[in-house]
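The values are calculated or read from the model by the stated rules, or taken from the named source; none is laboratory data. Fair warning: this is a prediction, and the values are worked out from it, not measured in the lab. As a convention, Cβ positions derive from the backbone with ideal geometry for all residues, glycine included, and neighbour counts pool all protein chains shown.
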Amino acid sequence: MSEFIYLKFEYSKKEVIGSENASKLHEFMTWVLGKVIPVANPDFDHLLHKVSTWKIEFNIEKKHTNREIGFNEKGKIITAMPMGKNHGYWCDNQLQIEDYKKFNAIHIDKEEFKKDWKEFQYIFKTR
């Protein structure tokens, strides 16, 4: 049975992209490319720049991110992956625990993660 660690960290794709205009350009380019190339996260790619806090479930044995939850600046869950046709933002990367430490990630309780995951699953299924 695999063992997991749960982490929380601040990370804004908007900050990485830059200005508001750059963010709008990124949104537009993502939309255009999504029409030509299949999108990895069709339900959530347009929201990733709005995520300011992430919680992740990391599989220690397999050394990969198993699940992720994204929160906006108001603390509302706006994305959780993998879910449905959505592969995930962090789940698709090959980051290790050391990489997450660079984001000043803190450990959180498994129950906190599970509660948030269940909450978003309900929202996702009922929309």
Which of the numbered conditions does Lys101 fail, given that it passes all the others? Conditions: (1) charged (D, E, K, R); (2) loosely packed, with under 14 Cβ neighbours inside 10 Å; (3) more than 17 Å from Glu10 (Cβ to Cβ). (3)
Of the residues in region 54-94, those that are crowded, with 17+ Cβ neighbours inside 10 Å and hydrophobic (A, V, I, L, M, F, W, C) come to Trp54, Ile56, Phe58, Ile69, Phe71, Ile77, Ile78, Ala80, Met81, Met83, Trp90, Cys91
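I'm trying to understand the selection: among the residues of region 61-84, which are of a type in the set (S, T, N, Q) and within 19 Å of Asp45 (Cβ to Cβ)?
At the first step, the residues of region 61-84 found to be of a type in the set (S, T, N, Q) are 65-66, 72, 79.
If the condition is that a residue be of a type in the set (S, T, N, Q) and within 19 Å of Asp45 (Cβ to Cβ), then Thr65, Asn72, Thr79 are the ones that fit.
What do you reckon, is Phe44 under 10 Å from the mean Cα position of the chain (by Cα), farther than 16 Å from Glu112 by Cβ, modelled with pLDDT of 90 or more and surrounded by 15 or more Cβ atoms within 10 Å (Cβ to Cβ)? Break it down into steps so the answer makes sense when it comes.
Numbers: under 10 Å from the mean Cα position of the chain (by Cα): yes; farther than 16 Å from Glu112 by Cβ: yes; modelled with pLDDT of 90 or more: yes; surrounded by 15 or more Cβ atoms within 10 Å (Cβ to Cβ): yes.
Yes, satisfied.
So, in region 76-118, of the ones that are among the small types (Gly, Ala, Ser) and either within 17 Å of His49 (Cβ to Cβ) or under 13 Å from the mean Cα position of the chain (by Cα) (or both), which residue ends up modelled with the highest pLDDT? Steps first, answer last, please.
Taking region 76-118 first, the residues among the small types (Gly, Ala, Ser) are 80, 84, 88, 105.
Now drop any that are not either within 17 Å of His49 (Cβ to Cβ) or under 13 Å from the mean Cα position of the chain (by Cα) (or both), which leaves 80, 88.
Numbers: Ala80: 96, Gly88: 93.
Per the stated criteria, the residue is Ala80.
For the structure I just gave you, tell me whether Met29 is modelled with pLDDT of 90 or more, hydrophobic (A, V, I, L, M, F, W, C) and out of contact with any Ser or Thr (no Cβ under 9 Å at 6 or more places or on another chain). Outline the logic, then answer.
On the way: modelled with pLDDT of 90 or more: no; hydrophobic (A, V, I, L, M, F, W, C): yes; out of contact with any Ser or Thr (no Cβ under 9 Å at 6 or more places or on another chain): yes.
Spelling it out, it is not the case that Met29 is modelled with pLDDT of 90 or more, hydrophobic (A, V, I, L, M, F, W, C) and out of contact with any Ser or Thr (no Cβ under 9 Å at 6 or more places or on another chain).
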